Amino acid sequence: MLALMDFAAALAPSGKWRALVRELRRPFRKCARLRDLQTTRAHLRRLQGLRQMQGGSHALHAMLDEMNEAVRRHKRRTANYLATVRPRKTCRKILRLAQRRLPAPRTGDAVSEYLDRSQRAVRAACGRMESGSLKALHRARVTIKVYRYQLELAGSLGAGARPLNLRIMRRLQKELGAVTDLELLRRELQRYARRHPRHRRALALTRRKLERERDRRFGRVLAAAGRDAIVAT
């Protein structure tokens, strides 16, 4: 929906479209912290089940208890916020704006120009990626995801097919998601060790393993992005 609305805002520039896009993005942003905590908790549970840490299992168990409480707390906050969201009202606004027809001859060109801008945004975001930069990793993944949605929508909006394979985009998006999740877990381990110095040594080995796995996956992402000309200018 957001990708389609971005198209609409590009085809018929209007402050109303941009305001609706911001309105739709807000609930996703409010849910982001809960999603990060739930993902980190799932990884922690897997780590605990592996039984391969050298003396780190007690520390992970204590951290998991703290993470469960954080998830419960953020669930309440998120549920309270979502209770105030009015999706029907937003949908009515979208439908009213969507009833305005666009001149058909210029639609294809406008979509193509917008896709060009999105592709440049993907290249720029991929070029700024760093394995330890959560913000840059997240930005690259989201930019790739949005561009993939736009490519899938483009055919129905009058734009010609793009040479970039959608399977490549999906694979890069998935790999970047894995790297982002590993970095999230590493940061949570670091924050927990800072608050609980007695567990610092026990968690150090686990954190180093996560860093190696993160860097290995990130190297694979960079190789795939370069090979498939995502980063190339």
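Please give the helix 15-50 orientation as an angle from the longest Cα principal axis of the chain, in degrees from 0 to 90, rounded to the nearest 10.
30 degrees
Past the 16 angstrom mark, what percentage of all C-alpha to C-alpha distances in region 1-101 do you count?
Working: 3353 of 5050 pairs.
The calculated P(r) of region 1-101 puts 66 percent of pairs beyond 16 Å.
Before rounding to the nearest 500, sum -39500 (n - 2.57) across all DSSP H runs of length at least 4 in the chain and divide by the residue total; then give [θ] at 222 nm in deg cm²/dmol.
Counting only the DSSP helices, I get -28000 deg cm²/dmol.
Once you've got the GNM for the chain with C-alpha springs shorter than 10 Å, pick whichever of A204, A98, A59 has the biggest mean-square fluctuation.
Fluctuation is largest for A98.
Can you tell me the orientation of helix 57-82 relative to the chain, as the angle in degrees between its alpha-carbon axis and the longest Cα principal axis, to the nearest 10?
So the inclination is approximately 30 degrees.
So, how do all the Cα-to-Cα distances of region 2-227 break down into 5 Å bins, in percent, from 0 on up?
For region 2-227, the pair-distance distribution reads 1, 6, 12, 13, 14, 14, 13, 10, 7, 5, 3, 1, 1, 0.
Mind checking which of A70, A79, A125 has the largest fluctuation in a GNM of the chain, springs on alpha carbons under 10 Å?
Checking each option, the largest mean-square fluctuation is seen for A79.
Given the options R123, R141, R72, state which has the largest fluctuation in a GNM of the chain using a 10 Å cut-off (strictly under) for Cα springs.
R72
Bear in mind these aren't lab numbers, they're just calculated from the coordinates by the rules spelled out. Predicted model, so just to flag it, every value in this text is computed and none were measured.
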